[in-house]
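Structure record follows, encoded as C-alpha cells.
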Amino acid sequence: MAAAQEQFSNTSGGNEGMGGREGGPVPHAFRLAVDALRAARPRPEVELEPARPPQRLAPYAYAVEAAAVEDGDDLADGRLVLLHDPAGHEAWQGTFRLVTLVRAELEPEMAADPLLPEVCWSWLTGALEARGLSFDAASGTVTRAGSYYFGGLAERRPATQIEIRASWTPREDRGGVPDTAAHLAAWGDLLCQVAGLPPSGPGPLDRGAGVVSLPQRRGPHHP
C-alpha cells in the first residue's frame with residue numbers, strides 16, 4: 001500500500017479538499033493534527049493508504065486504511081478516522097474524535113474463548129495507555145462472527161472473524177491539538193495485536209509496549 005496522503009473532507013462540500021464550512025479555511029488545529037498523522041510512521045508491518053472520510057459525522061474529517069502484513073499476507077485490516085468539530089461536541093467531551101474499525105480472521109480454537117471480546121477491548125485501551133496517551137469517552141463494540149460451510153463448500157474450515165469498532169476522544173495539548181501521531185502508532189499496535197504479531201521493539205514512539213497478542217492467525221480475507 002502507498003504511504004498515507006492528505007485527504008480532507010467537510011460536510012458542506014462533500015468532496016475531498018481543504019475547504020471548511022461554506023468554503024472557509026481549514027482550522028489550524030485540524031491542519032496540525034492531520035499533518036502529524038501524515039508524518040507518523042507506524043510499525044513496518046502496518047501498510048497505510050488514504051481513504052475517503054465520512055461526510056456527515058463532523059465538519060472536518062481525515063481517514064486512512066491500513067493492513068497488518070507479513071510475508072505478503074494481510075493478517076488484519078482496519079480504518080482510522082479523525083473527526084473535528086471546532087465548536088466542540090458534548091458526547092465527545094472535546095473537539096476531536098478518533099473512530100476505528102479493526103478486523104481479523106481467527107482460528108476456531110481461539111475464537112471459542114469466552115473472554116475474547118473483553119480481551120480485544122483491553123487491547124485498545126492497553127495500546128493507548130502503553131504509549132502514555134490520555135483519552136476520554138471511549139466506547140465501542142467487539143463482534144465475533146462465525147461462518148460454517150456446507151454442501152459444495154463443506155471442505156472449507158469454519159471461519160471466525162473478530163471485529164472491533166470503537167471511538168475515543170484524544171486529550172488536547174495547550175494549543176488545542178492532540179498527539180495524533182502517537183494515537184496512530186497505538187492504533188497500529190492494536191492492529192498488529194489483532195493480527196497476532198509479536199510486540200514491536202522500543203522506538204521513538206514506543207513508550208512501553210506490550211499487551212500480549214494471540215498466536216498468529218489467518219488474515220481477514222480468503223477465497
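The values are calculated or read from the model by the stated rules, or taken from the named source; none is laboratory data. Source: prediction; values computed, not measured. FYI the Cβ positions are ideal-geometry reconstructions off the backbone, even for glycines, and counts take in every protein chain you see.
Structure values in brief
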{"item": "Test result for Arg165, at pLDDT 90 or above and touching a helix residue (DSSP H, G or I) at 6+ places or on another chain (Cβ under 6 Å)", "result": "no"}
{"item": "Strands (runs of 3 or more DSSP E) contained in region 51-158 and holding at least 3 residues in contact (Cβ under 8 Å) with a residue 60 or more places away in the chain and either surrounded by fewer than 19 Cβ atoms within 10 Å (Cβ to Cβ) or hydrophobic (A, V, I, L, M, F, W, C) (or both)", "result": "60-70, 73-89, 94-106"}
{"item": "Those residues of region 168-180 which are part of a strand (DSSP E or B) and either aromatic (Phe, Trp, Tyr) or modelled with pLDDT of 95 or more (or both), in sequence order", "result": "Trp168, Thr169, Pro170, Pro178"}
{"item": "Residue that is modelled with the lowest pLDDT [pool: residues in region 34-50 that are touching a strand residue (DSSP E or B) at 6+ places or on another chain (Cβ under 8 Å) and not in a loop (DSSP other than H, G, I, E, B)]", "result": "Pro50"}
{"item": "Subset tally (residues that are touching a Lys or Arg at 6+ places or on another chain (Cβ under 6 Å) and either of a type in the set (D, E, K, R) or under 30 Å from Asp173 (Cα atoms) (or both)) for region 96-115", "result": "3"}
{"item": "Count of region 159-179 residues which are more than 15 Å from the chain's Cα centre (by Cα), surrounded by 15 or more Cβ atoms within 10 Å (Cβ to Cβ) and of a type in the set (Gly, Ala, Ser)", "result": "2"}
